[in-house]
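J.: Structure incoming, see below.
Just so you know, all these numbers are worked out from the coordinates, no wet-lab data involved. Remember, predicted model here, so these are calculated numbers, not experimental data. When we count neighbours, we look across all protein chains shown, and the Cβ atoms used for this are built from the backbone with ideal geometry, even at glycine.
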Amino acid sequence: MSLKYRITDQQGINFLTCTTVGWIDIFTRPVYKDIIIDSLKFCREKKGLLLHGYVLMPNHLHLIASAQSGHYLSDILRDFKKYTSVEVKKYLNDYQNPESRREWMNSIFGLAGQDNPANKEFQLWKHDNHPIALYSIEIIKQKLEYIHLNPVRSCFVAVPEHWLYSSATNYAKLESIMEIDYLW
């Protein structure tokens, strides 16, 4: 992996993008969204993740995050991606669950896994996270606005606060599905 895509400041605030292989729109069903949200909650509670902002879109996840002292953001992301990949695969391959796209998604994620020496069978996420270190309040605000407007630009909602899977609800002081670590 090139140095330009490595997290250089493990406790610093970073803008991150986690993208599914082939930009597959897997996070259109609540079960897959819940796997992601539950894992983010776990990472906040048990792994030292400080989650300052997020938006979960059908095929990617934007985060503004850092790690608590003594933790490494890259380790948290690695564990998050591994766990969510295993859980998605488990659900996808449970034939008691209704998934009309099972074979198609398995073929895409399976082909991607063949090129991955770490798993060989199934790869949900692209390897990189495209981290951008955020050092100023202005840039942090810009990235937070960018992620919150993602569902609006995609014409899913008219205003950011209406997208359930986003920290826009937190910053608007509305009921949300997950706690975050506020920046201000």
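J.: Take segment 143-154 and flag every residue that is touching a Leu at 6+ places or on another chain (Cβ under 9 Å) and either hydrophobic (A, V, I, L, M, F, W, C) or farther than 16 Å from Ser66 by Cβ (or both).
T.: Result: Leu144, Ile147.
J.: Search segment 68-90 for residues that are closer than 18 Å to His52 by Cβ and pair each with any residue that is among the β-branched types (Val, Ile, Thr) and crowded, with 18+ Cβ neighbours inside 10 Å when their beta-carbon atoms are under 6 Å apart and the residues are at least 6 apart or on different chains.
T.: Listed by first residue and then by second, the contacts come to Leu73/Ile7; Ser74/Ile7.
J.: Could you check segment 39-73 and list, in sequence order, the residues that are small (Gly, Ala, Ser) and buried (at least 16 other Cβ atoms within 10 Å of the Cβ)?
T.: Result: Ser39, Gly48, Gly53, Ala65, Ser66, Ala67.
J.: Another question about this same structure. Here are the criteria: (1) more than 14 Å from Ile177 (Cα to Cα); (2) crowded, with 17+ Cβ neighbours inside 10 Å. Tell me which single one Arg78 does not satisfy.
T.: (2)
J.: Could I ask something else about it? Is it the case, given these coordinates, that Ile36 is under 17 Å from Val86 (Cα atoms) and over 12 Å from the mean Cα position of the chain (by Cα)?
T.: When the stated conditions are applied, Ile36 does not pass them.
J.: Of the residues that make up segment 101-115, is at least one exposed (fewer than 13 other Cβ atoms within 10 Å of the Cβ) and under 26 Å from Gln11 (Cα atoms)?
T.: Checked segment 101-115: no residue is exposed (fewer than 13 other Cβ atoms within 10 Å of the Cβ) and under 26 Å from Gln11 (Cα atoms).
J.: Keeping to segment 11-23, report how many residues are surrounded by 18 or more Cβ atoms within 10 Å (Cβ to Cβ) and either more than 13 Å from His127 (Cα to Cα) or small (Gly, Ala, Ser) (or both).
T.: Final tally of qualifying residues: 3.
J.: Still on this model: Specify the residue that is surrounded by the fewest Cβ atoms within 10 Å (Cβ to Cβ); the eligible residues are those in segment 167-177 that are closer than 16 Å to Met57 by Cβ and either touching a Lys or Arg at 6+ places or on another chain (Cβ under 6 Å) or not hydrophobic (A, V, I, L, M, F, W, C) (or both).
T.: Per the stated criteria, the residue is Thr169.
J.: Also, I was wondering about something else. Counting only residues that are surrounded by fewer than 17 Cβ atoms within 10 Å (Cβ to Cβ) and of a type in the set (A, V, I, L, M), how many does segment 125-148 have?
T.: 4
J.: Quick one: how many residues across segment 1-54 are of a type in the set (Asp, Glu) and part of a loop (DSSP other than H, G, I, E, B)?
T.: Going through segment 1-54 one residue at a time, the tally reaches 2.
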